[in-house]
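Down below is the structure, laid out as C-alpha cells.
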Amino acid sequence: MLNGKEIESIKLDEIDTSKITDMSFLFANVSDDFCKGAMNASESERENVKKAGLNVDSMIYSCKNPVKRKDFSGIESWDVSNVRDMQSMFEGAESFNQPLNSWNVSNVRDMWSMFEGAESFNQPLDKWNVSNVKYMISMFNEAKSFNQPLNSWNVSKVENMWSMFNRAESFNQPLDKWNVSKVKDMSYMFAFASSFNQPLDSWNVSNVESMEWMFYQASSFNQSLDSWNVSNVKNMEWMFNGAKSFNQPLDSWNVSNVENMDDIFKDSPLRDNPPKWWEKRLEEMSK
C-alpha cells in the first residue's frame with residue numbers, strides 16, 4: 001500500500017506505482033468530526049463497516065496522518081493498472097484538479113468517496129473503464145466544481161450509489177445510458193445537486209430498495225420518472241422534499257412495498273397534487 005504522508009515531499013512522477021494494489025485514502029484529508037467518530041468506534045462497529053466495504057485500517061491511518069499536499073503534478077502519468085481500491089483517494093483534497101483520464105482503472109473495485117470534498121476537481125473521466133467497480137458510494141459528494149460527462153461509463157456491477165452526487169452542485173450531465181440494474185441503494189444520490197436536470201426514465205431501478213432523500217433539495221430537477229419500476233423500494237422518506245421544480249406524474253408507480261414515505265413531497269409541487277396512489281398507500285401503512 002502506498003502511503004500519502006510518506007511521499008508528501010516526493011515528486012509524484014518519480015514514483016513507480018505499477019505494482020500497487022491499494023491507494024485508498026492516499027491523499028485524503030478527512031474532517032475532524034469524521035475522524036472522531038472513526039477513532040471512537042467500537043470493534044463491532046468497525047467490523048460492521050468493514051463488511052459494508054469500508055477500508056477501516058486506511059481510514060484510521062489517514063485520520064492520524066492527514067495529507068496536506070498541494071502539488072499533484074505528475075500523477076497523471078501513474079500506472080494504476082493493478083490498483084483494486086481507490087476508496088477516499090482524494091477525499092478532502094480541496095485543491096486537487098489534475099487530469100486523470102488516461103488512467104487504466106479497469107481493475108478497481110472500490111471508488112467509495114474517491115472525490116468526496118475535492119471541491120476544485122473538474123477533469124474529464126469519460127475514458128475510464130469502471131466495469132469492475134462495485135461501490136460508488138459518495139464518489140462525488142461535495143465535489144462542488146465537478147461537471148464532466150460520465151454517460152459512457154459501464155456501471156453494470158455497481159451495487160451502491162448512496163450519496164453519489166450529493167451536494168455536487170455544478171453537476172448536470174446525461175446519465176441515461178447507465179445500466180443501474182444491480183444498484184440497491186440510491187439514497188441521497190442527487191440530494192442538494194441543485195443544477196441536475198437530466199432524463200433518468202431509461203433506468204432499470206427494479207432492484208433498488210432505498211430512495212430516501214434521493215432528490216432532496218434537487219431544486220432544478222423536473223424529469224419524467226413514471227416508467228420506473230419501484231416495486232422493491234421500501235424507503236422513500238423525503239425523496240422529493242425540497243425538489244421545488246419537480247411536477248411530474250408518478251401515477252404508474254407500484255409502491256406496495258414502501259414502508260416509509262414521511263414528507264416525500266414536502267416543499268415540492270406534488271404536495272398539492274400528489275399521485276393517485278398517495279392517500280390509499282398512507283391509509284394502508286397506518287393500519
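Listed cross-link partners Lys244/Lys280; Lys177/Lys266; Lys68/Lys177 are compared with a 32 Å cut-off, the Cα-Cα value being larger for Lys68/Lys177. When peptides 232-238, 13-19, 186-192 are ranked by their average number of other Cβ atoms within 10 Å per residue, the highest-first order is 186-192, 232-238, 13-19.
Here the range 159-287 was treated as a single set of alpha-carbon atoms; its pair distances binned every 10 Å from 0 give 14, 49, 33, 4, 0 percent. Based on C-alpha pairs under 8 angstrom that are at least 6 apart in sequence, the range 159-287 has a relative contact order of 19 percent.
Coordinate-derived values only; no laboratory data. Every value quoted in this text rests on a predicted model; they were computed, and no experiment measured them. Note: ideal-geometry Cβ built from the backbone for every residue, glycine included; neighbour counts use all protein chains shown.
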